[in-house]
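Here is the structure we will look at, set down as structure tokens.
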Amino acid sequence: MAKLSTLDRFLAVWIAVAMAAGLLLGRTWQGLVDALESFTVGSISVPIAIGLLVMMYPVLAKVRYDETRRVTSDRRLLAASLALNWLIGPALMFALAWLLLPDLPEYRTGLIIVGLARCIAMVMIWNDLACGDREAAAVLVAINSVFQVFAFAALGWFYLQTLPGWLGLSTTSAEFSIGAITASVLVFLGIPLVAGFLTRVIGERTKGRDWYEETFIPRISPWALYGLLFTIVLLFALQGDAITSNPLDVVRIALPLLLYFSITFVVGMFVGHALRLGYAKTATLAFTAAGNNFELAIAVAIGTFGATSGQALAGVVGPLIEVPVLVGLIYVALWSRRFFTPAGDRT
């Protein structure tokens, strides 16, 4: 901890302050909310997109793209990631939503949508702070993002209509925009991925790898956390009124989310340990499974059910719970490192 910068060492404090500031702004300054909402292209909020891009670029610029081949050759890691993200994750959220919100169909549907939106942005910074494998994170996020484009609508139909029908439960009709899903992936992953790749290639060819990693990377690294804090303030400012106006509903929605993030992370850590992936890849596996694409979930819920719907509120509560929980899980992951053998870890 003593080796960390002040920004890194007190990350939990800065995030708590950013969340509180966003909630306060959203609650007291309605003009700000209207101004932010006016900067929207399609289903994408431009201010939030800027924050996420600033956050993602330094992390993806750190990736050694010439080492991604070792990740793609690890079939155990790839198979485990796909299973956790597309089999266990959605099924777990479906079960928790029905068990804990049987009387609140709108919130239940919103949570199921959150469970289907796999993370493509913040997971990169959680993974980096937990000393996970950067190359593995880039590959897994890219694979899950492509899978998301093709699987989201089909899984939404399955978990909202088909499976409830088989179980004798009430069903929900919903149509998801493939365009919104594709745009989310291209903007929040595609742009910073291309920028990070080109930066490394050009930087190493002109100045060498030593200069790039010892001089350039330290200069841009703090911007990842600046972008994270900026994004959190904006997100909570946009949704602050909805959150603070429905405190009891937020508590009901928060419980299944808390369980979901915690259970998925723990399962990911145990699976990685059982497969002997080493700490770095195991941490990456756990965080990429536990995180969710809140921007996509909110956009889909609003586009399908409306901005004032219970489904949209459930999507909004997602990052309210995800951010502090996953920050806490960073410390859990670092603590668990003592139980992993050095073999397979990235130095």
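The values are calculated or read from the model by the stated rules, or taken from the named source; none is laboratory data. Note that this is a predicted model, so its numbers are computed, not measured. No Cβ is skipped: glycine too gets one built from the backbone with ideal geometry, and neighbour counts run over all protein chains shown.
Among residues of the range 250-272 that are surrounded by 15 or more Cβ atoms within 10 Å (Cβ to Cβ), those with a beta-carbon under 7 Å from a residue that is outside any helix (DSSP H, G or I) at least six positions away or on a different chain give the pairs ARG252/LEU101; ARG252/LEU104; PRO256/LEU101.
In the range 272-288 there is no residue that is under 28 Å from ASP34 (Cβ atoms) and modelled with pLDDT of 80 or more.
Determine, yes or no, whether ILE113 is touching a helix residue (DSSP H, G or I) at 6+ places or on another chain (Cβ under 9 Å), at negative phi and at pLDDT below 90. Against the criterion (touching a helix residue (DSSP H, G or I) at 6+ places or on another chain (Cβ under 9 Å), at negative phi and at pLDDT below 90), ILE113 does not qualify.
Against the criterion of being in contact with a Lys or Arg (Cβ under 7 Å, 6 or more places away or on another chain), surrounded by fewer than 24 Cβ atoms within 10 Å (Cβ to Cβ) and of a type in the set (A, V, I, L, M), LEU275 qualifies. Taken together, the residues in the range 123-179 that are outside any helix (DSSP H, G or I) and small (Gly, Ala, Ser) amount to 7.
For VAL46, the conditions (1) touching a residue at least 60 places away in the same chain (Cβ under 8 Å); (2) touching a strand residue (DSSP E or B) at 6+ places or on another chain (Cβ under 7 Å) are fulfilled apart from (1). Within the range 153-209, the set of residues being over 22 Å from the mean Cα position of the chain (by Cα) and closer than 24 Å to ASP66 by Cβ comprises LEU198, THR199, ARG200, VAL201, ILE202, GLY203, GLU204, ARG205, THR206, LYS207, GLY208, ARG209. Of the helices (runs of 4 or more DSSP H) lying entirely inside the range 215-326, those carrying at least 1 residues that are closer than 25 Å to VAL13 by Cβ and of a type in the set (Val, Ile, Thr) are 217-220, 222-245, 247-274.
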